[in-house]
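These notes concern the structure reproduced below.
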Amino acid sequence: MKIFLDTANLSEIREAASWGVLDGITTNPSLVSKEGRDFKELIREICSIVDGPVSAEVVAVTKNEIVEEGLELAKIHRNIVVKVPLIVEGLKAVKVLSAKGIKVNVTLCFSANQALLAAKAGAAYISPFIGRLDDISHDGMAVVGDIKTIYQNYGYSTQILTASIRNPLHVLEAAKMGSHVATMPFKVLEQIVKHPLTDMGLKRFLSDWDKFLKEKESFLPPKDGSALRLAEKAHGVS
Ligand code: E4P
């Protein structure tokens, strides 16, 4: 499963990229607005850090405007994936953009039927928002499972990008379900690398090693030769 970071924050992106596990980035207007930077400049900088798909979302809501905005965004970098909302005008725009060879991530997906339509329109990625479904007592991961079944039934190549991930269990479930991608906040990436037994185990290994080094030092004769003189004395050697 590919791991994407769901952020527009450059220091989080740089840090995750340095771990060697980051495959791509998703952003949305809310995340971008938090950074207080020029949108295109920020996206360009993200693309210079991460060599993988970077989703940049349109804010237009009519077909022609979405296409126009999508074409502009796609010019920023070859790794740009244009993110389009799952509305009727969005689907029309997906058809046009994908026919032009532009990769589209269809976002704000909350049902498998919506995902079916996105695939038919030519989406490269579908983003089911599992956290927001769980928030309203719907089983978000069940939607991912249904999408997977439907896509397999008909051989759609649209990749499932599980989004709106809130915790490590969401990542685990997405991976078990066979989601192609999971996009998560940096906080969740930090959570999934950690295990208390790893920390305790490492602490024990290091302290045992330290003890061993200290004991080894006491086996060795002191460098000033005093141990040798003591031994000679004990054996009556003058
Ligand atoms: C997906 O691409 C979205 O940016 C994101 O996952 C939404 O997550 P949220 O529900 O935590 O805002």
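Of everything in region 119-135, what is within 9 Å of the ligand (Cβ to nearest atom) and open to solvent by less than 10 Å² (accessible area, probe 1.4 Å)? Give them in sequence order. The answer is SER127, ILE130, GLY131.
Condition check for ILE192 on (1) at pLDDT below 95; (2) among the hydrophobic types (A, V, I, L, M, F, W, C); (3) closer than 21 Å to LYS2 by Cβ: one failure, at (1).
Within the set ILE147, ILE165, the sole residue that is away from the ligand (no atom under 14 Å from the Cβ) and touching a strand residue (DSSP E or B) at 6+ places or on another chain (Cβ under 8 Å) turns out to be ILE147. Could you count how many residues in region 179-190 are within 19 Å of ASN9 (Cα to Cα) and touching a strand residue (DSSP E or B) at 6+ places or on another chain (Cβ under 9 Å)? Adding up the residues that qualify gives 7. Restricting region 143-166 to residues that are farther than 16 Å from LEU108 by Cα and small (Gly, Ala, Ser) leaves a set whose member that is farthest from the chain's Cα centre (by Cα) is GLY155. Checked against (1) crowded, with 17+ Cβ neighbours inside 10 Å; (2) within 14 Å of the ligand (Cβ to nearest atom); (3) over 17 Å from the mean Cα position of the chain (by Cα), HIS138 meets all criteria but (1).
A single member of ALA175, ALA119 is under 26 Å from the mean Cα position of the chain (by Cα) and touching a residue at least 40 places away in the same chain (Cβ under 8 Å), and it is ALA175.
There is at least one residue in region 60-67 that is out of contact with any Phe, Trp or Tyr (no Cβ under 6 Å at 6 or more places or on another chain), acidic (Asp, Glu) and over 27 Å from ASP146 (Cα atoms).
Taking ALA182 as the residue in question, decide whether it is more than 22 Å from the chain's Cα centre (by Cα) and either among the hydrophobic types (A, V, I, L, M, F, W, C) or open to solvent by 60 Å² or more (accessible area, probe 1.4 Å) (or both). Criteria not met by ALA182.
Here is a check on your reading of the model: is VAL143 over 24 Å from LEU97 (Cα atoms), surrounded by 11 or more Cβ atoms within 10 Å (Cβ to Cβ) and in contact with an Asp or Glu (Cβ under 9 Å, 6 or more places away or on another chain)? No: the conditions fail for VAL143.
The values are calculated or read from the model by the stated rules, or taken from the named source; none is laboratory data. Predicted model, so just to flag it, every value in this text is computed and none were measured. As a convention, Cβ positions derive from the backbone with ideal geometry for all residues, glycine included, and neighbour counts pool all protein chains shown. Remember, those area values only see protein heavy atoms, side chains included, never the ligands or the DNA or RNA. Shrake-Rupley method; radii C 1.70, N 1.55, O 1.52, S 1.80 Å.
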